[in-house]
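Any read-out appearing in this document is the output of simple, stated calculations on the displayed coordinates, not a laboratory observation. As the structure is a prediction and not an experimental result, all values here were calculated from the model. Cβ sites come from the backbone with ideal geometry, for glycine too, and all protein chains shown count toward neighbours.
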Amino acid sequence: MRDLVDAIRPLLGSVMSEIGVQESDWNNLLAGSTDSTFADVALPCHSLSKVLRKAPNTIADEILENLGSTTEGICQVSSINGFLNFSADPNWLCEILQESLIDDRLRVLTEEPRVIVIDYSSPNVAKHMHVGHLRSTVIGDALNRMLSHKGHRVVPENHIGDWGTPFGMLIEHLIDLGLDSEAQHIDLSTFYSDARAKFDADSDFASRSRARVVRMQSSEPETIELWQMLVDRSLIHFNEVYQRMGILLSNNDLAGESKYESALPRVVEKLAEVGLLEESDGAKVVYLDGWKNREGEPLPLIIQKADGGYNYATSDLACILDRIENVGSRDFLYVVGAEQAQHFAMVFEVARNAGFMDEGVNAIHVPFGLVMGTDGKKLASRTGGAVHLNDLLIEAVERADAIVAEKSPNLSKDERAEVSKMLGIGAIKYADLSTDRNNNYTFEWEKMLSFDGNTAPYLQYAHARICSIFSKDEIDRDLIRDSEIILTHEREIALARALIRFPESLDSACSSHSPHKLATQLHNIAQAFGSFYEVCTVLNAENSTKLSRLALCDLTARTLQTGLDLLGIDSPHRM
RNA sequence: GGGCGUGUAGCAUAGCCUGGAUAAUGCACUGGCCUCCUAAGCCAGGGACCGCGGGUUCGAAUCCUGCCGCGCCCGCCA
């Protein structure tokens, strides 16, 4: 209820100064009510007792009296138990909704544009994407959409794992499989684990692999060609998954480790220049204040290994330099699992100490909790427990299809396929985006593929029902935007209250990088609509009421559709 | 041992940043609602020492502190 607070604040300001309360004493007290049955906005007056030496009740009464009729047309005010309660006036709600109705942006303001790099998805070459990649991909994509909508230029970066020691064995394995085979025929589901198994069992293969790493790092053309074949094969797979999921990432956004390979020596040089680099057991490292290992000894960030190879941290530092020098960004979001919190904290600290980033650069790790197996442990591809992402997506669409076939037998085959995809993929994404990303969650098919309750299909259903109203009467939705909104029924008012909170929920979701704050509000709107729809007839209503309700429906549908779109979820017109 | 995160009805979660009133939502459970715009829905109901103990405060799920449980991380993997 940001708008109502803004409307009340100046009125309250003059009263407060009249009765002798300084702004600093009440400014933070005025806020949304904890319980909407009491009010929309409340001012608890208890803490003012100290200043005014009066009972909270008396103070609230006094303020109420002094406000007089100034709040007329904005809200109703009452005083209970030392609380001053403000309930939005339906006429005021109408004014706000009327603004939204004619606004393509639904009152969502744009911010001072920034260039924001978002690092997300990051699958590994030569491996299938699995459920572990789901969160980064879905959350990162939602942040991409939300921040773009707020007016920023988002630069997505997909840091695929395409370089490093494992590629020696992967390339040798590729050679063993026969070079004549087409890249498309490489089976990613077993490729990596087969190579790994051979590496562990066959010492000859292992030494060939190590030699191959050296040839790769020296950019030997033949080796690079084989490497490229693995990358290309993997990209076909990644893009298939992205397309199926409706993820915005494309090959233009690739920023694999290989991209920074040539920049790594420069990182070492620059760190040495500023005197941060030290040697420890043959490795080049940076020590940071306050970081200790298990034995209580100083814990360094390793920049260059004893064997001369580089680390993850080094390419992250190279990447930071690149973003500042070439991308021209000062805002970096890393949508990466919470288990890497320490890594990023150390990398950022080194980058600051070394002068790579000044104080004005916002490098933010946006962590998310782990996907757990039913055994209560992290779900990892290594242990073989991880479900392939593609399989999960296909299963989701199939299950959705079975339900659509049952509930909407009238849809054509093509339309049904389209709708099933929107519902199935939407359900998967929403399951991830509707809760606080910091929480771990246990992977369970049933839960992730539920279509009842607080799920994407519930929101999509509300949207589809509205579209159905419009198609029933062949109403031009553009013309509806000139209609006057009149709120009389309590459920119309409740819906209005939910709708006007949309912009602030998006802002809150953006500033905290928490898509669930938007998802929660969209669910509130869909619920309010469900209640409204049940008792407020639209098409059979008397003329001005009908037009008003059609406008309310149009606004609800556009809000749901826009909000879902910002989460990366489609809104079918029929389902 | 240290660090980060987390603990809210049987289950899954929101609320915690920025303290406020009777702790909100979904699943599951009980009962009701399709001759009327999509019942994937709506209405009503039961179900909570908000992990435990201290502290701050007129007031704590929320802030501080100490425990406990769970998860993750803690030098050459990414």
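Per-structure values
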{"item": "Point-charge dipole on Cβ atoms (K/R +1, D/E -1) for chain A, about Cα centre, debye to 20", "result": "620 debye"}
{"item": "Sparsely packed GluC sites (Glu not before Pro) within region A:478-575, loop by DSSP, other Cβ within 10 Å at most 15", "result": "A:GLU484, A:GLU542"}
{"item": "Within-9-Å neighbourhood charge of A:LYS259 [Cβ basis; K, R +1; D, E -1]", "result": "-4"}
{"item": "Tail beyond 22 Å, pair distance distribution of region A:419-519 (Cα, percent)", "result": "48 percent"}
{"item": "Rule-of-thumb Rg ratio for region A:166-245 [Cα; 2.2 N^0.38 Å; N residues]", "result": "1.12"}
{"item": "Normalised contact order of region A:166-245, rounded percent, pairs of Cα under 8 Å and 6 or more residues apart", "result": "44 percent"}
{"item": "Counted charge near A:CYS536, where neighbours are those whose Cβ lies closer than 14 Å (Asp, Glu -1; Lys, Arg +1)", "result": "0"}
{"item": "Charge dipole of region A:80-228 about the Cα centre (unit charges at C-beta), most positive-ward option of A:GLY132, A:ALA201, A:THR190", "result": "A:GLY132"}
{"item": "Nearest-20 debye value, region A:1-155 charge dipole, Cβ charges on Lys, Arg, Asp, Glu", "result": "900 debye"}
{"item": "Segment A:ASN251-A:ILE403, extension gain: residue separation times 0.36 nm, minus the distance between their alpha carbons", "result": "51.2 nm"}
{"item": "Interchain or long-range residues, amide H under 5 Å from A:VAL154's placed H", "result": "A:ILE116"}
{"item": "Extension reserve of the A:THR58-A:GLU542 stretch, reckoned as 0.36 nm per residue once the Cα distance is removed", "result": "169.6 nm"}
{"item": "In degrees, nearest ten, helix A:166-177 long axis to first principal axis of chain A (Cα)", "result": "70 degrees"}
{"item": "Hits among lysines - C-alpha to C-alpha of A:LYS270 under 24 Å, sequence gap 8 or more where chains match", "result": "A:LYS259, A:LYS284, A:LYS305"}
{"item": "Rounded tilt (10° steps) of A:543-566 against the dominant C-alpha axis of chain A", "result": "20 degrees"}
{"item": "Relative contact order computed over region A:399-566 (Cα-Cα under 8 Å; 6+ residues apart), in percent", "result": "26 percent"}
{"item": "Helix-only mean residue ellipticity at 222 nm for chain A, each DSSP H run of n ≥ 4 adding -39500 (n - 2.57), per residue, nearest 500", "result": "-16500 deg cm²/dmol"}
{"item": "Farthest positive-ward along chain A dipole, Cα basis, beta-carbon charges - from A:SER571, A:ILE320, A:PRO457", "result": "A:PRO457"}
{"item": "Cleavage-rule hits, chymotrypsin sites (Phe, Trp or Tyr not before Pro), region A:524-572, DSSP coil, Cβ neighbours within 10 Å at most 16", "result": "none"}
{"item": "Gain in span if fully extended, A:ALA272 to A:GLU95, counting 0.36 nm per residue against the direct Cα distance", "result": "57.5 nm"}
{"item": "Sequence of A:LYS413, A:LYS377 once ranked by neighbouring C-beta atoms within 10 Å, starting from the fewest", "result": "A:LYS413, A:LYS377"}
{"item": "Chain A: radius of gyration over Cα atoms, expressed as a fraction of 2.2 N^0.38 Å", "result": "1.16"}
{"item": "When each of A:LYS198/A:LYS378; A:LYS292/A:LYS378; A:LYS150/A:LYS407 is checked by Cα-Cα distance, pairs over 28 Å", "result": "A:LYS150/A:LYS407"}
{"item": "Distance histogram for region A:184-325 (every C-alpha pair counted, 5 angstrom bins, percent rounded to whole numbers)", "result": "2, 8, 12, 14, 17, 16, 14, 11, 6, 1, 0"}
{"item": "Total formal charge among the other residues, if their Cβ is under 14 angstrom from that of A:TYR458, Lys/Arg +1 and Asp/Glu -1", "result": "+2"}
{"item": "Packing-based ranking, highest mean first, of A:55-65, A:354-364 given that Cβ atoms within 10 Å are counted", "result": "A:55-65, A:354-364"}
{"item": "Global form of region A:115-162, assessed from the alpha-carbon gyration tensor, a/c cut-off 1.5", "result": "oblate"}
{"item": "C-alpha long axis of helix A:515-535 to longest principal axis of chain A, angle in °", "result": "40 degrees"}
{"item": "At R0 = 60 Å, FRET efficiency that the Cβ-Cβ distance of A:THR34 and A:HIS185 yields, to 0.05", "result": "0.50"}
{"item": "Percent RCO, i.e. relative contact order, over region A:11-106, from Cα pairs under 8 Å lying at least 6 residues apart", "result": "25 percent"}
